[in-house]
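Since the structure comes first, as structure tokens, the remarks are kept for the end.
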Amino acid sequence: MSDQEDRASLDHIDMSVREILTEMKDTSEVMVDLAYASLMYNSEDMAVKVRELETKMDELKFAIRFKALMSSRTRSDARQLSGLLQVASSADCISDAAGDIVELLEVSPEKRPFISDLLYESDEKIRATRVSESSDMVGHTIGNLAVEACTGCRIIALKNRQGWIYDPEGDVKIRAGDDVIVRGTEDGYGRLIEFATGARPWEFPDDPEDGDEPPSVEEEAASINPEEEGE
Amino acid sequence: MNRLESMLLELKDTSEFMVDLAYSSLLYNNAEIAEEVVFMYGAVGELSSKIQDTIMEIGAEKPEDIGRIVVAVKLQTSIKAIAEAARSIADVVIRGLGEHPVLAMSIRESETTITLAKVSEGSSLAGKRFGDLRLSTNCGMFVIAIKRDRTYVFGPGRDTGIEAGDILIAKGPVEGASYFRDLADGTESL
């Protein structure tokens, strides 16, 4: 192994296999949203962000392989880990596809007008709006507002006085005059606009701590999976 | 939109839906859902061939549309790669390699999680149609499949009705998941 590869694996050594896989799933999904958004708004900045994330995905992919192989001791480990690595590699393929989509930015907008129409009609819509001074959202963080749970729209990019933030974290605060680009349904976008313009007061979600513990995956799976015949 | 663009749109929506279904099959290690992803991949293949034929026709009739042709070809390839990735995730389940507990945990801990809920008799969802409920707008949760008795309805539309006893599989933010389950069991109502 070359020193360079060794460093690449050490970069993410603090993350567990589980954390890496979660990160790869999240990153690949936001990359696809950002890639389409870059075409819709003809944004080279967004394309740059997608390429950055593509590089990050490559590193994560290397780290997860390295860690999985290091932890494999038995045939059964190898079986299970091979499934896990295939999922990681699928997430990486999705991120590569997002990287290919942003390459379309190199085609002049006149030659790709249909892409905007197409994205406009898609099930998952990408839309933009501005937060007005009178909006209840002002002064709160994205996480505090639980924007996606309340509107079905996920904020994939936000522009404030400092510039653009792509895939903003929950601790990013919304200020008057911010532009947000969201992914969601038409209906949800309609609702978001009412909130963003201040036409409708924000309905704060109940304290998430109140929420019931989700049932375990095993319990949930048992309700839809056919009963296993004893192995 | 003309025929080519409509087909590309269908391809895009299908590929994204396949990814959601594929992760659901993985979360619950459910081969039936995984098989549906594989089935849809077949449909994606057919649609891709049709798109290719249409692109060739356009190329023959209007060579000046070369820009549009290049864009369509490239977009189709990328979208198909996403469908292929979904199929490859489903393949893990079909091969019986989806048992590693980390797989389910990483989906559960994602920004977009997946959960399921059974609709009780007293739920305000029972007897309604998706189009009237606007679930996604109200709690951010998007129902991707319904299990009714022994069969599945994949990708329910606005006119699809919900009945008591249905098991709804939905994706969305963690904050919306708990409210969604409460709606289904009747603790909360819309």
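For the reader, a short list of remarks on this structure follows.
- The translational diffusion coefficient of chain B, from Stokes-Einstein at 4 °C and 1.567 mPa s with a Kirkwood hydrodynamic radius over alpha carbon pairs, comes to 72 µm²/s.
- Residues A:TRP164, A:TRP202, ranked from the fewest to the most other C-beta atoms within 10 Å, line up as A:TRP164, A:TRP202.
- Gaussian network model of chain B, springs between alpha carbon atoms under 10 Å - residue of B:VAL37, B:VAL153, B:VAL119 with greatest fluctuation: B:VAL153
- Gyration tensor (alpha-carbon) shape descriptor, region B:111-185, a/c threshold 1.5: rounded
- Prolate/oblate/rounded label for region B:3-46 (Cα gyration tensor, a/c 1.5): oblate
- GluC sites (Glu not before Pro) within region B:11-71: DSSP coil, no more than 10 neighbouring Cβ in 10 Å: none
- The modelled label-to-label distance for the pair A:VAL48/A:SER72, using points 7 Å beyond Cα in the direction of Cβ, is 4.0 nm.
- In loop segments of region B:125-183 as defined by DSSP, the trypsin sites (Lys or Arg not before Pro) with at most 13 further C-beta atoms inside 10 Å of their C-beta are B:ARG150, B:ARG158.
- Take each residue in B:138-146, count the other chain C-beta atoms within 10 Å of its C-beta, and the mean is 4.
- Size of region B:32-88 as Cα extents on the principal axes (Å, biggest first): 46, 16, 9
- The shape of region A:3-110 comes out prolate: with a ≥ b ≥ c from the C-alpha gyration tensor, a/c is at least 1.5 and a/b beats b/c.
- When each of the peptides A:165-173, B:93-101 is scored by how many other beta carbons lie within 10 Å of its residues on average, the order from highest to lowest is B:93-101, A:165-173.
- Average partner coverage of B:5-12, which counts Cβ from other chains inside 10 Å: 4
- Between helix B:31-61 and chain B: long-axis angle, C-alpha atoms, 0 to 90°, nearest 10: 30
- Neighbourhood net charge (10 Å Cβ-Cβ; Lys/Arg +1, Asp/Glu -1) for B:VAL38: -2
- Shielding of A:115-124 by partner chains, average beta-carbon count, 10 Å: 5
- Put in line by how crowded their Cβ is, counting other Cβ atoms within 10 Å and starting with the fewest, B:TYR41, A:TYR41, A:TYR36 read A:TYR41, B:TYR41, A:TYR36.
- Restricting the calculation to Cα atoms, region A:123-206 shows an Rg/Rh of 0.91 when the hydrodynamic-style radius is the Kirkwood one.
- The convex hull drawn around the Cα atoms of the protein assembly as shown, when projected onto a plane and averaged over every direction, covers 22.4 nm².
- Sorting A:61-70, A:145-154 by their mean Cβ neighbour count within 10 Å, with the most densely packed peptide first, gives A:145-154, A:61-70.
- Mean projected area (nm²) of the alpha-carbon convex hull when chain A is viewed from all directions: 17.5
- Burial ordering of B:THR115, B:THR151, A:THR22, fewest other beta-carbon atoms within 10 Å first: B:THR151, A:THR22, B:THR115
Every number in this text was worked out from the coordinates using simple rules, so none of it is lab data. Please read all numbers here as calculations on a predicted model, not as lab measurements. Don't worry about glycine lacking a Cβ; one is built from the backbone with ideal geometry, like all the others, and counts go over all protein chains shown.
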